[in-house]
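Chemist: Sharing a structure, written as structure tokens. Questions coming.
The values are calculated or read from the model by the stated rules, or taken from the named source; none is laboratory data. Worth saying up front: this structure is predicted, and the values here are computed from it rather than measured. Positions of Cβ are generated from backbone atoms using ideal geometry, with glycine treated the same way; all protein chains shown enter the neighbour counts. Please note that ligands, DNA and RNA were not included when accessible areas were found on the heavy atoms of the full protein model with its side chains. Shrake-Rupley method; radii C 1.70, N 1.55, O 1.52, S 1.80 Å.
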Amino acid sequence: MPAHEPTSFQESEVQPAAPFTVERSADGRWYTVTGDCPVCRGRTVFRIAYGMLGPAKARGRRTRPEPFTGPIPVICGCGYPHPERPPESPDSGCGAFWDVPVPPPATGGPTP
């Protein structure tokens, strides 16, 4: 694992340089993305719901979430202090964000 670099906080979209691990939870409801931030090199673990239930679920017409499509938007969450990070910032990283492709669904995998 590369050493963390205490870069100044700056919200910016970047391209990931190294591959990220994307795993779907055993119950099929979450993706967990793990890897090193392309900017500060801090270890980042990001979790996002598998899909959206939407308004049709509330009316009882949809029995499972729609699959998450497109890339997964990941935000640096390294947890290290970064100079110039505003105290009101909800992020716990350097401000970098990037997209990670959603892996293809596994055949015979869990269905929420």
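Chemist: Could you list, in sequence order, all residues of the range 94-104 that are more than 16 Å from T32 (Cβ to Cβ) and modelled with pLDDT under 90?
Modeler: Hit for the range 94-104 is P104, nothing else.
Chemist: If you don't mind, another one. Quick one: in the range 2-39, of everything that is of a type in the set (D, E) and touching a strand residue (DSSP E or B) at 6+ places or on another chain (Cβ under 8 Å), which residue is least open to solvent (accessible area, probe 1.4 Å)?
Modeler: D36
Chemist: Residues in the range 73-101 that are assigned to a loop (DSSP other than H, G, I, E, B) and either more than 18 Å from Y50 (Cα to Cα) or open to solvent by less than 40 Å² (accessible area, probe 1.4 Å) (or both): how many?
Modeler: Going through the range 73-101 one residue at a time, the tally reaches 20.
Rundown of residues vs (1) touching a Pro at 6+ places or on another chain (Cβ under 6 Å); (2) modelled with pLDDT of 70 or more; (3) of a type in the set (V, I, T), yes/no style:
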site	(1), (2), (3)
F68	no, no, no
I72	no, yes, yes
E84	no, yes, no
D91	no, yes, no
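Chemist: Still on this structure, I have one more. Assuming T63 fulfils every condition listed in (1) part of a strand (DSSP E or B); (2) at pLDDT below 90 apart from one, which condition is it?
Modeler: (1)
Chemist: Hey, another quick one. Would you check which residues across the range 1-25 are in a loop (DSSP other than H, G, I, E, B), modelled with pLDDT of 85 or more and among the aliphatic types (A, V, I, L, M) and list them?
Modeler: A3, V14, listed by residue number.
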